[in-house]
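Working notes for the structure below.
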Amino acid sequence: MQTPSLASQLLKKILSDEIDHSFLFVDPIDNTDLSDPCFANSDVWVFRDMQIPNLTSFLWPQQPNKPYKNVVLFFPKSKEKAIWLIDLLKSILPPKTTIYFVGENKGGIKSSAKLLAGQLDNIVKIASGKHCVLMRGVLNHNQASTINFQQSDYQINDNNIAVASLPGVFSFKELDHGTKLLLENLPVNISGKVLDFACGCGVIGSYIKKYYPDSQIDMCDIDSLAIESSKQTLSINQLVGSVVISDGLTKISSNYQWIFSNPPFHTGIKIDYHITECFIKDCKNVLTTNGRLYIVANRFLKYAQILQDHFNNVDVVAEDNKFKVYCAFNR
């Protein structure tokens with residue numbers, strides 16, 4: 001069984017005697033973080049496709065609906081997302097609600113008091129340990145900022161694509177260099193069923209749909225902010241596509257001629273090959289005969305061997321000093 005995160009272990013140590021039905025936990029790192037019985041009477045607001053046994057769970061954009069007195073936020077590595085989450089809490093909870101926030105030292109928690117000073121009052125450090133810090137503050141009376149999508153226009157070769165995104169979503173405000181390299185080197189004959197895996201803001205799938213109109217686009221991501229961003233990206237480009245929240249390919253039942261991805265390689269702040277390795281292995285079950293998988297990855301990541309373990313043919317179709325674009329298929 002996977003071990004709960006260090007942040008979760010610190011919460012158990014410090015708050016286990018206080019946690020009750022008045023607590024709402026927000027954005028846990030994975031489904032083991034709230035597995036201990038001490039969390040059982042609380043609720044959880046999740047922003048990814050995950051099942052939390054024995055807890056009442058709300059998946060954003062669904063909202064919790066109780067008058068919680070205490071909130072525990074797993075502090076995200078994206079500072080913009082942290083601010084966004086506090087504003088989101090302000091939209092459903094009254095001033096003076098107690099907000100705990102916890103995270104690893106190298107994940108940005110040490111600068112959280114300064115970052116959140118405009119949204120929280122009486123911010124203090126409660127505890128530290130297991131390379132983590134637990135902080136506490138209260139929601140102040142300042143009005144929450146309006147929660148809007150950030151819209152950007154990206155240029156790829158001679159083409160452009162408009163993208164909508166929310167904080168914490170991959171390629172928020174700027175196009176990731178690896179994604180750009182992938183889009184600049186797409187094959188010329190894309191048509192039929194296409195899957196954009198780990199779609200983030202939906203830039204890959206939307207770009208393909210816009211410039212390869214004979215394609216049928218499905219997108220999936222584990223993150224609910226990414227799902228809503230991808231839907232909005234399709235909308236602002238007046239495109240049609242399907243967007244599904246899914247942990248890996250678990251909710252994908254179609255077969256595809258093409259799969260494109262800039263797959264994630266972090267869980268929280270840690271490098272994690274398991275996500276992409278499972279994805280690559282499962283691709284064989286959803287690709288048609290001679291179907292192609294295109295992924296882009298940082299050069300230092302060991303994806304070539306993983307691809308070769310599951311596909312007969314693996315080619316590098318583009319590369320620069322930071323990234324490689326791979327094409328993998330079976331004959």
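The values are calculated or read from the model by the stated rules, or taken from the named source; none is laboratory data. This structure is a prediction, so every number in the text was calculated from the model and none was measured. Neighbour counts are summed over all protein chains in view; Cβ atoms, including those assigned to glycine, are modelled from backbone coordinates with ideal geometry. Just so you know, the surface numbers come from the protein's heavy atoms only, side chains and all, with ligands and any DNA or RNA stripped out. Shrake-Rupley method; radii C 1.70, N 1.55, O 1.52, S 1.80 Å.
Points to keep in mind about this one:
- Carbon-plus-sulfur accessible fraction, the chain (probe radius 1.4 Å, protein heavy atoms only): 46%.
- For segment 198-331, the antiparallel share of DSSP beta bridges with both residues in that region comes to about 60%.
- Taking the chain and dividing mean pair separation by its residue count, relative contact order in percent (alpha carbons under 8 Å, at least six apart): 12 percent
- Debye intensity ratio I(q)/I(0), log10, segment 268-331, q values 0.21, 0.27, 0.28 Å⁻¹ (C-alpha model): -0.85, -1.25, -1.31
- Hz values of 3J(HN,Hα) by residue in segment 85-99 - Karplus curve (6.51, -1.76, 1.60), Gly and Pro given as x: 5, 5, 4, 4, 5, 5, 6, 10, 10, x, x, 6, 4, 6, 10
- Spatially, segment 27-72 and segment 96-169 are offset by 18 Å when compared through their Cα centroids.
- A 1.4 Å probe, protein heavy atoms only, puts the accessible area of residue 98 near 30 Å².
- Compactness ratio for segment 148-262: Cα radius of gyration over 2.2 N^0.38 Å (N = residue count) comes to 0.95.
- Where Cα atoms sit under 20 Å apart: lysine pairs in segment 44-140 separated by 8 or more or lying on different chains: 28
- Hull shadow area, averaged, the chain [alpha-carbon convex hull, nm²]: 16.9 nm²
- The chain - share of DSSP beta bridges that are antiparallel (%, nearest 5): 50 percent
- Of the residues 88, 278, 238, the one whose Cα sits farthest towards the positive end of the charge dipole of the chain is 88 (charges of +1 on Lys and Arg Cβ, -1 on Asp and Glu Cβ, taken about the Cα centre).
- Each peptide among 212-221, 279-288, 249-258 gets the average number of other Cβ atoms lying within 10 Å of its residues, and from highest to lowest they stand as 212-221, 279-288, 249-258.
- Candidates 30, 309, 43, ranked by Gaussian network fluctuation over the chain, Cα under 10 Å, top entry: 309
- Cα-centred dipole magnitude for segment 41-182, charges only on beta-carbon of K, R (+1) and D, E (-1), debye, nearest 20: 700 debye
- Rounded to the nearest 500, the helix-only mean residue ellipticity at 222 nm of the chain stands at -7000 deg cm²/dmol, with each DSSP H run of n ≥ 4 adding -39,500 (n - 2.57).
- Choice from 160, 65, 122 showing the highest fluctuation, given a GNM over the chain with Cα pairs closer than 10 Å: 65
- Most fluctuating residue given options 46, 194, 316, as computed from a GNM of the chain linking Cα atoms under 10 Å: 316
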